[in-house]
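Here is the structure we will look at.
The values are calculated or read from the model by the stated rules, or taken from the named source; none is laboratory data. What you see is a predicted model; the values in this text were computed from it and never measured. Cβ placement follows ideal geometry from the backbone for every residue including glycine, while neighbour counts extend to all protein chains displayed. Ligands, DNA and RNA are stripped out before the accessible areas are found, and what is left, the full protein with its side chains, is counted by its heavy atoms. Shrake-Rupley method; radii C 1.70, N 1.55, O 1.52, S 1.80 Å.
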Amino acid sequence: MSNIVVDKSKVPWWVSNVIVPLVNLTLALLVSGLFIFIAGENPIEAVKLIIFGSFGYIQGFAYTLYYTTNFIFTGLAFAVAFHCRLFNIGGEGQAYIGGLGVFLVAINLSFLPIPIVWLLSICGAFLFGAAWAYIPAYLQSKRGSHVVITTIMFNFIASSLMIFLLVDVIRDTNQMAPHTVKLPEAIWLPSFEAFSGILGIKIRYSPLNLTFLLAIASLFFVWFLVWKTKWGYEMRAVGHNTQAAIYAGISPHKNIIIAMCISGGLAGLLGVNEILGVSHKIQAGFPAGYGFTGIAVALMGRNHPIGILPAAFLFGILYQGGSEVTFEMPNITRYMFVAVQGLIILFSGALENLFRPQIESFFVRRLYKEVNA
Amino acid sequence: MVSPILELTNINKSFGHVQANKNINLKINKGTIHGIIGENGAGKSTLMSIVFGLYQANSGSIKINGKEINLRSPRDSIVNGIGMVHQHFMLVENFTVLENIILGFEGETVFGEKLATAKKDLEKLCKTYNFNIDLDATIADLSVGFRQRVEILKSLYRGAEILILDEPTGVLTPQEVDELFKILRSLKDEGKTIVLITHKLIEIMDLTSEVSVMRQGEMVGHTKTKDTNKEQLAEMMVGRSVLLRVDKKEIKKGEVIFKVNNLSVKDDLDVARVKNINLEIRSGEILGIAGVTGNGQTELLEALSGIRKVESGNIQLFGEKISDQDNFLNPRMLKEKGLAHVPEDRQRMGLISDFKAHENLIFGYHDQEPFSKSAVLNSQEIKEYSSKIMQEYDVRPNSPNLITSNFSGGNQQKIILSRELNENPKVLLVGQPTRGVDIGAIEFIHQRLIDMRDRGAAILLASVELDEILSLSDRIIVMFDGKIVGEKENKNVTDRELGLLMAGVA
């Protein structure tokens, strides 16, 4: 047990928000390197492959940004709820249902002008995701059922519901696999290669599409919502001190529901990327764990959009670079990279306070010595 | 002369700048019931926590049976024969009585022989002292009075010779109190020593043979109970320190603007805390509520400010009913009607410690112009306002961006006060405005309250500080056990009179 007491007011912001996360990340990567070494591969080579795979060529970089898009949505989703001190573990299910929203809106309203279809589909994704988060939020605020438990359960319910729908209700009846028909090509979101085509650069396929810009907009939206509106203010008040919120006439019930619905809505936007942007149909299990990884993204990004962007990008690099490594290094399996992600979550989430006091007190001592000298 | 079983010499203990115990000397004789009496915050509980090893004194010595001992933890105290029954019981709810008592002293990995022996010993103890407890009952099924007995039994089983009881009757019904006293007397008859911490004079007169009085961290007197009386004890307890009278103009009473009719309120555990209270406050008047903490003031203030539901009765503001058992206006609506509230507990309710100062300065008013317009907060406006008001109320440092927990208690209180007073409320409810606030800030806060009154506000001031009540109020009511037990114009009223009322004597 360390008993270092640090005067928090003296800790510069960049120590707690930049140095500490970087130290934690470095440790996670060092331990990961050790794993790779034990698996019989050269960690330095692996790092080179990761960097080349995610930055080295334009298609790889596009893949990195595609993954980043998904992580931004799910990371923001977790962060918004967290500001109201709600642990929304249900991003996965909310994203899944959000996908249903995109698809239903897009396929039924495809006759409308294309930008309007896009807009309504985005709304559909948000609303479906929000609706899926509403039920746990209601149960939390009115019945006291803990949102961690209910959102986890709702992931399973979402999964079963979607399988049922994909098998029995909305399956493309011309084939056996559990997925829907494709959306009409006219309403697909423009892909990155289509853009670069206009600019006269020809590149190979990548899943990166216009949704990336929506993700960037969402970052701004969340920042504005949480810090610049009275809704965000009230959500944070409820999260920090419910008693005080009641004293000030702020309803905890209302804010729990608002925070969870916005959170669920943001997770639902993942469906826009996956369905309107990439596969153009609902496939079973398309959220593929992004919802859960979003928790790590948010934790690493300290629940702030400015932190979530680089954290999402880092996980994008790991996903893309990681698949490159598994391709090139036969001893490294896909699961190795799940373990690497796990280590990052471990060091930047669970063990977050492992070195924080030492690092902070180190900087406080140094900086104040300078001032006094 | 027999040497005392417990002897404290020159005990000092401070928490930060607050000295909770100053040079305390205390002798407790074997086989007696010794009362320790004092107002809230007089340092009684701190002293006993030192004896029980929960805190370590900064200096001083503790002797048991003439032998100096070093108490580093409750375990040391238990070994030395000291047991303590806390105000809040330390029991595992879903364990049985037996399981709770042997917890930590099981003596074996697989229950068998030792458990049986323990049970037999306990049954014997129960019989000796007439405890009347079923050892196999689950704690959750027992009433508060029985739970307390389990605590006592636990201490006895662990070999306590000295039993410390911290405000044991606070949670009991009168019948349970009688039962408890019977048990305590039989313990004394068997040669055990009992230390009773209380602020209730009746209990002292009823039960103890010796009494020690504490005031503001100091031991101000020891006496045999038979040589004293309630009045004398109340006087010692409250003290005759010079009052900090605030300059106050003659009252200019206006009409009644706030009225409470037959109000009853329950707390979160469904216990009646406010019992059928009637009061009215006129414009330009400060009504002080005196009373020992926990006699319903908290719940009363919460009900009046729209935080807590009313059980029966109603509350009227400007003749309009704002609250009864069916519906109540929430704090935000009340603010719009000109009612402001400075809550008793600033950490728990008045502020959000993790927020920046400017965020707390608009707390509760954040959705009003100019702070926000169509849901968007106007940061520029908020910061300018904050800086201005912090200047006006002398909040130091004047840094609206500083996190609130970095301000001192007094400055935090000023943040709340400036927020609530700035709107010029017609009715102001204030709880413990100077708790944990340094002297300079106290004067400042008092002056602000007087200014509000002179401008015609109706102010309700609840405080456990008698001095504060006496120096600010125009009229004083005393609450005891959820009821108003006395009402006095603040002319020629003495702290002694109030002290008696507060202790539920008069």
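Work from the charge dipole of the protein assembly as shown (Cβ charges, +1 for Lys and Arg, -1 for Asp and Glu, about the Cα centre) and give the residue of B:Met205, B:Ser323, A:Leu25 farthest towards its positive end.
Towards the positive end, the residue furthest out is A:Leu25.
Report the per residue volume, in Å³, of the convex hull enclosing the C-alpha atoms of the stretch B:438-505.
97 Å³
Based on alpha-carbon centroids, what's the gap between the stretch B:74-130 and the stretch A:246-320 in Å, whole number please?
51 Å
For labels at B:Lys63 and B:Asp136 in the simple 7 Å Cα→Cβ model, what's the distance in nm?
Distance between the two pseudo-spin positions: 4.9 nm.
What is the antiparallel percent of DSSP beta bridges lying wholly in the protein assembly as shown, to the nearest 5?
55 percent
Where nothing but the Cβ of Lys and Arg (+1) and of Asp and Glu (-1) is charged, how large is the charge dipole of the stretch B:350-422 around its Cα centre, in debye to the nearest 20?
160 debye
Of the listed peptides B:341-353, A:258-270, B:137-149, what is their order by residue-averaged count of other C-beta atoms within 10 Å, with the highest listed first?
Highest to lowest by the protection proxy: A:258-270, B:341-353, B:137-149.
Checking the cross-link filter: which aspartates and glutamates have an alpha carbon closer than 16 Å to that of B:Lys119, excluding same-chain neighbours under 8 positions apart?
Within reach: B:Glu99, B:Glu106, B:Glu108, B:Asp134, B:Asp136, B:Glu151.
For chain B, how big is the tail of P(r) above 28 Å, as a whole percent of Cα pairs?
It works out to 60 percent of all Cα pairs.
Let me check I've understood the local charge: for B:Gln56, count other residues with C-beta under 13 angstrom from its C-beta, Lys and Arg +1, Asp and Glu -1. What total comes out?
For residues surrounding B:Gln56, the net value is +1.
Classify chain A as rounded, prolate or oblate, taking a ≥ b ≥ c as the square roots of the eigenvalues of its Cα gyration tensor: rounded when a/c is under 1.5, otherwise prolate if a/b is larger than b/c and oblate if not.
In terms of gyration-tensor shape, oblate.
Rounded to the nearest 20 debye, what is the charge dipole size of chain A about its Cα centre when +1 sits on each Lys and Arg Cβ and -1 on each Asp and Glu Cβ?
For chain A, the charge dipole is close to 940 debye.
Note the buried accessible area between B and A here, summed over both chains, with a 1.4 Å probe, in Å² to the nearest 100.
What B and A bury together is about 2200 Å².
Given charges of +1 on the Cβ of Lys and Arg and -1 on the Cβ of Asp and Glu, with all other atoms neutral, how large is the dipole of chain B about its Cα centre, in debye to the nearest 20?
840 debye
If you plug each phi of the stretch B:86-98 into the Karplus form 6.51 cos²θ - 1.76 cosθ + 1.60 with θ = phi - 60°, what whole-Hz ³J(HN,Hα) values come out, in order, with x for Gly and Pro?
In residue order, the calculated couplings are 7, 4, 9, 6, 10, 10, 8, 4, 9, 9, 7, 4, 4 Hz.
Taking the alpha-carbon distance from A:Lys254 and a cut-off under 21 Å, which lysines remain once sequence neighbours fewer than 8 residues away in the same chain are dropped?
A:Lys142, A:Lys228, A:Lys230, B:Lys309, B:Lys335, B:Lys373
Could you give each residue of the stretch B:23-32 its phi-based ³J(HN,Hα) in whole Hz, using Karplus coefficients 6.51, -1.76, 1.60 with θ = phi - 60°, and x for Gly or Pro?
Along the stretch B:23-32, the couplings run 6, 7, 10, 8, 10, 10, 8, 5, x, 10 Hz.
Show the residues, 5+ positions off or on another chain, whose built amide H is closer than 5 Å to the amide H of B:His341.
The list, which skips near neighbours in sequence, is B:Leu429.
Need one word for the stretch B:318-375: rounded, prolate or oblate. Basis is the Cα gyration tensor (sqrt eigenvalues a ≥ b ≥ c); a/c below 1.5 gives rounded, then a/b vs b/c decides.
Oblate.
Can you tell me the FRET efficiency between B:Glu255 and B:Lys119 if r is taken as the Cβ-Cβ distance and R0 is 56 Å, rounded to the nearest 0.05?
0.25
Which aspartates and glutamates, if any, have their Cα less than 13 Å from the Cα of B:Lys252, not counting same-chain residues under 8 positions apart?
Here the aspartates and glutamates satisfying the reach criterion relative to B:Lys252 are B:Glu285, B:Asp451, B:Asp454, B:Asp474.
What is the sum of charges, Lys and Arg at +1 and Asp and Glu at -1, for the other residues whose Cβ falls under 11 Å from the Cβ of B:Lys44?
Residues close to B:Lys44 contribute a combined charge of -2.
Say the dipole of the stretch B:350-422 comes from +1 at the beta carbon of Lys and Arg and -1 at that of Asp and Glu; which of B:Asn378, B:Leu361, B:Pro400 then lies farthest toward its positive end?
Value: B:Pro400.
Output the Cα-based Rg and Dmax of the stretch B:178-322 in Å, rounding Rg to one decimal and Dmax to a whole number.
My reading of the Cα-based Rg and Dmax gives 20.9, 62 Å.
Hey, can you rank A:214-226, A:186-198 by average C-beta count inside 10 Å, highest first?
Peptide ranking by packing, descending: A:214-226, A:186-198.
What figure, in Å² to the nearest 10, do you get for the accessible area of A:His146 with a 1.4 Å probe and non-protein molecules left out?
Accessible surface of A:His146 is approximately 100 Å².
Relative to the isolated chain, which residues of the stretch B:371-385 have their accessible area cut by 20 Å² or more in the presence of all protein chains (1.4 Å probe, heavy atoms, no ligands or nucleic acids)?
Those are B:Ala375, B:Val376, B:Leu377, B:Ser379, which lose 20 Å² or more relative to the chain on its own.
Hey, what did the stretch A:1-116 get for relative contact order, percent, Cα under 8 Å, at least 6 apart?
Once divided by the residue count of the stretch A:1-116, the mean separation gives 8 percent.
Mind checking B:110-116 for the average number of partner chain beta-carbons within 10 Å of each residue's beta-carbon?
0
Taking Cα centroids, how far is the stretch B:328-347 from the stretch A:30-86 in Å?
Going from one Cα centre to the other spans 49 Å.
Suppose all protein chains stay in the model; what accessible area per residue would a 1.4 Å probe give for the stretch B:123-216, in Å²?
Result: 40 Å² of accessible area for each residue.
Could you sort the peptides B:302-312, B:180-190 by per-residue average Cβ neighbour count (10 Å cutoff), highest mean leading?
B:302-312, B:180-190
Tell me the accessible surface of B:Glu369 in square angstrom (1.4 angstrom probe, heavy atoms of protein chains only), to the nearest ten.
130 Å²
Just by accessible area at a 1.4 angstrom probe, what is the order of B:Asp354, B:Asp247 from largest to smallest?
B:Asp247, B:Asp354
Consider just the alpha-carbon atoms of the protein assembly as shown and return their Rg together with their Dmax, both in angstrom.
Looking at the protein assembly as shown, its Cα Rg and Dmax stand at 33.3, 108 Å.
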